[in-house]
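Quick notes on the structure that follows.
The values are calculated or read from the model by the stated rules, or taken from the named source; none is laboratory data. Computed from a prediction, not measured in an experiment: that's the story for all the values here. Cβ coordinates were reconstructed from backbone atoms using ideal geometry, including for glycine residues, and neighbour counts include every protein chain displayed.
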Amino acid sequence: MTRETTADSARGILDRIVALGDSPQASEEQLAANHFLIYMGLLMSVGGLMWGSLCLAYGIYVRSLIPYGYAVLTAINFVYFRYSKRFEVCRFVQVLISMLLPFLFQWSFGGFIPSGAVMGWALISLAGSRTFQDARLGGRWLVAFLALTVASGLIDGRLEAFQIEISAQFTTLLFVLNISAIATIVFILNVYLLAKRDEAMAKVAEMSSILKQMFGRYLSTEVMNSLIEDPSRLELGGKRKRVTIMMTDLRGFTAMSERLEPEHSADLG
């Protein structure tokens, strides 16, 4: 099997996973939100597997259940999404576990410093909350994150009982891994959002070009631009105005058009 074949197979599997919650009735905007949430869950699950394996390698068995548990809960949530198509429920669960479990993992390690400030992973959940169409709901998740952060600061000194004997070098490694992984995931998600925005803008530009080609012969540039900027003006009803209309005709055009092919008659317009 060649590298190209392997890459195509992996890409095909990823595409099927990302599209597991899609439905034929979903709009382009809804599909983008679905895919963004799946990408977020997958990327954070990779981080969970990384953290769980790191804990096992250093003999921290019980605490490894939290990051491994995130990956398991994400898989269960995605299976539910696959069969229910209930995006709101799936999104709520995914954002909830993405916010709570990093804080719980940090507390189990004994606070900010011993865990390398692993609660920073919860920042990614705020990106997932951006799929809420109601800005107030996204704001509530921000308030929840800030409340958990403040609470973590208040109880940090009382978590010494949970601390484990780890070297300063290992603590530094945790900080480096957390900062690098979080920055990478945020970057990837932003790239996805920008790509979707550019795709949407390209579709709008293409549709505008098609409309201009279709109606450019019959409407002035000003009218065309106003309709593109505000499609609601296409609705029936209009406005009452006092206008002057001048109707003109080309002398002999009817007789001439009878002798011409339809395409040539259209060109005269």
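Worth pointing out:
- Of all residues in the stretch 73-104 being in contact (Cβ under 8 Å) with a residue 40 or more places away in the chain and basic (K, R), the one that is nearest to V118 (Cα to Cα): R91
- Only one entry in Y61, Y70 is on the phi < 0 side of the Ramachandran plot and touching a residue at least 12 places away in the same chain (Cβ under 8 Å), namely Y70.
- Number of the exception - V186 against (1) under 16 Å from W51 (Cβ atoms); (2) among the β-branched types (V, I, T); (3) surrounded by 14 or more Cβ atoms within 10 Å (Cβ to Cβ): (1)
- Residue match in the stretch 223-244 (condition: exposed (fewer than 10 other Cβ atoms within 10 Å of the Cβ), farther than 25 Å from L31 by Cα, among the aliphatic types (A, V, I, L, M) and modelled with pLDDT of 80 or more): yes
- Of the numbered criteria (1) within 16 Å of G128 (Cα to Cα); (2) touching a residue at least 60 places away in the same chain (Cβ under 8 Å), the one V191 fails is (2).
- Counting only helices (runs of 4 or more DSSP H) that sit wholly inside the stretch 36-132, those with at least 3 residues that are under 18 Å from L146 (Cα atoms) and out of contact with any Lys or Arg (no Cβ under 7 Å at 6 or more places or on another chain) are 87-109, 123-129.
- So E4, is it under 21 Å from I124 (Cα atoms), at pLDDT below 85 and part of a helix (DSSP H, G or I): no
- Selected residue [modelled with pLDDT under 90, on the phi < 0 side of the Ramachandran plot and aromatic (F, W, Y)] from F105, F132, F78, F92: F132
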